[in-house]
Amino acid sequence: MRFIALTLCLLLAAPLAAQTSDQPTGTISVADDAQSDARIGNRIRDILAELDGYGDITVSVSSGIVTLRGTTPDAESVLRLNEITGRVEGVVAIENEVAETTDISERLNPAVERFKARVTQMIAFFPLALIAISVFVLIVIFGFWLAKREQPWDRLSPNAFIADIYRQITRLLFVVGGLVVALDIVNATALLSGILGAAGIVGLAIGFAVRDTVENFIASIMLSIRQPFRPNDTIEIEGDTGKVIRLTSRATILLSFDGNHIRIPNATVFKSRIVNFSRNAERRFTFALGVAADADLDRARTMLQDTLTGLPFVLTTPEASVWIEEVGDFWVNINLAAWINQNDTDIVRARSEAIRLCQAALDHAGIAAPLPGYRIETGAALATDPSDSDTAQKAAKGPPLAPVQDVDATADKELTKIVDLERAELARDDLLTHDAVEE
């Protein structure tokens with residue numbers, strides 16, 4: 001029961017609040033006559049007659065108290081009546097009994113009138129809008145034509161990739177410029193700030209979404225400006241080794257020595273350690289051989305040094321080197337290093353041939369590393385067969401030395417041909433140029 005009573009009180013208080021809201025303030029005059037009330041009523045009627053939506057309003061004034069009756073198309077018009085009436089001089093209080101109409105025709109007529117007014121305005125605005133659109137299209141067409149030309153972009157840029165970036169920037173500038181001019185013609189430049197703000201927010205969101213793509217794009221620009229390698233260079237990136245085919249706007253493409261394509265994102269290339277084996281013509285190869293533990297190490301080192309130096313593909317400068325690395329359980333390890341001109345010699349075949357000939361020299365001298373062996377004693381002295389001992393092996397001369405084979409760069413030349421053919425097919429997509437600055 002208390003809840004019902006409280007609800008009734010609130011419902012009864014609502015009309016009272018509507019009547020007292022927006023009431024006029026000030027001091028009430030003592031004088032009261034019919035002429036003053038008539039002047040107030042006439043003034044209010046004249047004002048309402050000039051406004052739309054108040055044709056059904058009746059006004060009566062008594063002792064400065066204005067009573068309004070009738071209907072309006074919407075609730076906002078009802079509330080506005082208090083504001084208008086309260087501004088008339090001499091009004092003491094307002095009794096607003098106006099209600100919102102439910103008549104369909106009266107509520108639709110204003111909307112129809114507004115629609116007709118907007119259509120008329122659009123028809124009058126159409127020629128000006130057509131001129132603005134035409135100017136925008138002409139500016140954009142000119143910008144795209146200018147960006148499509150080879151000059152001056154090819155002259156300004158170090159490679160085709162940077163030239164395409166210049167062209168994209170030019171197109172964007174002409175599009176924005178055309179939009180500004182078109183909005184200025186229709187006197188709507190205020191929309192430009194909203195459009196640019198929305199574009200900035202969208203661009204920021206897209207930037208976060210495609211962060212890896214943007215990073216890869218920037219890395220492509222940096223690699224194309226200062227190139228750490230050239231076409232056909234043999235490089236190693238992140239453990240992948242091969243010959244460089246091309247540098248595109250997205251990835252660096254290598255041809256492995258097995259003939260496979262290796263595609264590495266430019267962001268990875270830019271941040272990784274790059275080993276360029278082709279930057280210098282001279283390249284060193286190393287290997288290790290073992291000699292018998294009781295062999296004359298100085299004689300073995302000198303013999304291996306002479307063998308390396310005598311190879312026709314080994315350079316005299318820098319000089320080949322041989323050094324004793326470590327003493328093992330059954331033999332002594334000796335390291336060997338020699339230099340070749342990799343433009344003329346295949347390093348894999350040169351190293352293979354050097355190992356073959358140096359091992360043959362050790363075998364011929366009888367000081368090659370023996371096979372691992374263990375001596376097991378059972379308590380009685382074992383007879384030693386001289387034919388089975390290492391001494392007998394060393395005393396016997398090994399097989400005659402094999403002749404030096406011809407070593408060239410046959411394998412590398414075949415890979416170079418493959419790289420050249422693939423570069424010729426898609427030359428435009430390559431960002432590598434011989435005129436670019438080397439890093």
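The values are calculated or read from the model by the stated rules, or taken from the named source; none is laboratory data. What you see is a predicted model; the values in this text were computed from it and never measured. Ideal geometry is used to build each Cβ from the backbone, glycine not excepted, and the neighbour counts take in all protein chains shown.
Summary table
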| read-out | value |
| --- | --- |
| Among residues of the range 215-259, those that are among the hydroxyl-bearing types (Ser, Thr, Tyr) and within 25 Å of the chain's Cα centre (by Cα), counted | 5 |
| The one condition in (1) over 54 Å from the mean Cα position of the chain (by Cα); (2) within 30 Å of residue 251 (Cα to Cα) that residue 279 fails to fulfil | (1) |
| Single match in 284, 301 (criterion: touching a residue at least 24 places away in the same chain (Cβ under 8 Å), outside any helix (DSSP H, G or I), over 27 Å from residue 224 (Cβ atoms) and not hydrophobic (A, V, I, L, M, F, W, C)) | 284 |
| Number of the condition not met by residue 225 [criteria: (1) under 23 Å from residue 424 (Cα atoms); (2) buried (at least 17 other Cβ atoms within 10 Å of the Cβ); (3) among the β-branched types (Val, Ile, Thr)] | (2) |
| Identity of the residue in the range 298-336, in contact with a Phe, Trp or Tyr (Cβ under 7 Å, 6 or more places away or on another chain), modelled with pLDDT of 90 or more and farther than 20 Å from residue 364 by Cβ, that ends up surrounded by the most Cβ atoms within 10 Å (Cβ to Cβ) | 315 |
| Test: residue 413 is among the basic types (Lys, Arg), modelled with pLDDT of 70 or more and outside the structural domain of residue 274 (by TED's automatic domain parsing) | yes |
| So residue 236, is it farther than 23 Å from residue 424 by Cβ, in contact with a strand residue (DSSP E or B) (Cβ under 7 Å, 6 or more places away or on another chain) and surrounded by 15 or more Cβ atoms within 10 Å (Cβ to Cβ) | yes |
| Some residue of the range 256-271 being out of contact with any Leu (no Cβ under 7 Å at 6 or more places or on another chain), small (Gly, Ala, Ser) and either at pLDDT 90 or above or part of a strand (DSSP E or B) (or both) | no |
| So residue 287, is it within 18 Å of residue 343 (Cα to Cα) and in contact with a strand residue (DSSP E or B) (Cβ under 8 Å, 6 or more places away or on another chain) | no |
| Residues (hydroxyl-bearing (Ser, Thr, Tyr) and outside any loop (DSSP other than H, G, I, E, B)) located in the range 304-319 | 307, 309 |
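Okay, residues lined up against (1) touching a Phe, Trp or Tyr at 6+ places or on another chain (Cβ under 6 Å); (2) under 30 Å from residue 330 (Cα atoms); (3) not hydrophobic (A, V, I, L, M, F, W, C):
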site: 228; (1), (2), (3): no, no, yes
site: 235; (1), (2), (3): yes, no, no
site: 248; (1), (2), (3): no, no, yes
site: 251; (1), (2), (3): no, no, no
site: 263; (1), (2), (3): no, no, yes
site: 266; (1), (2), (3): no, no, yes
site: 271; (1), (2), (3): no, no, yes
site: 276; (1), (2), (3): yes, no, yes
site: 284; (1), (2), (3): yes, yes, yes
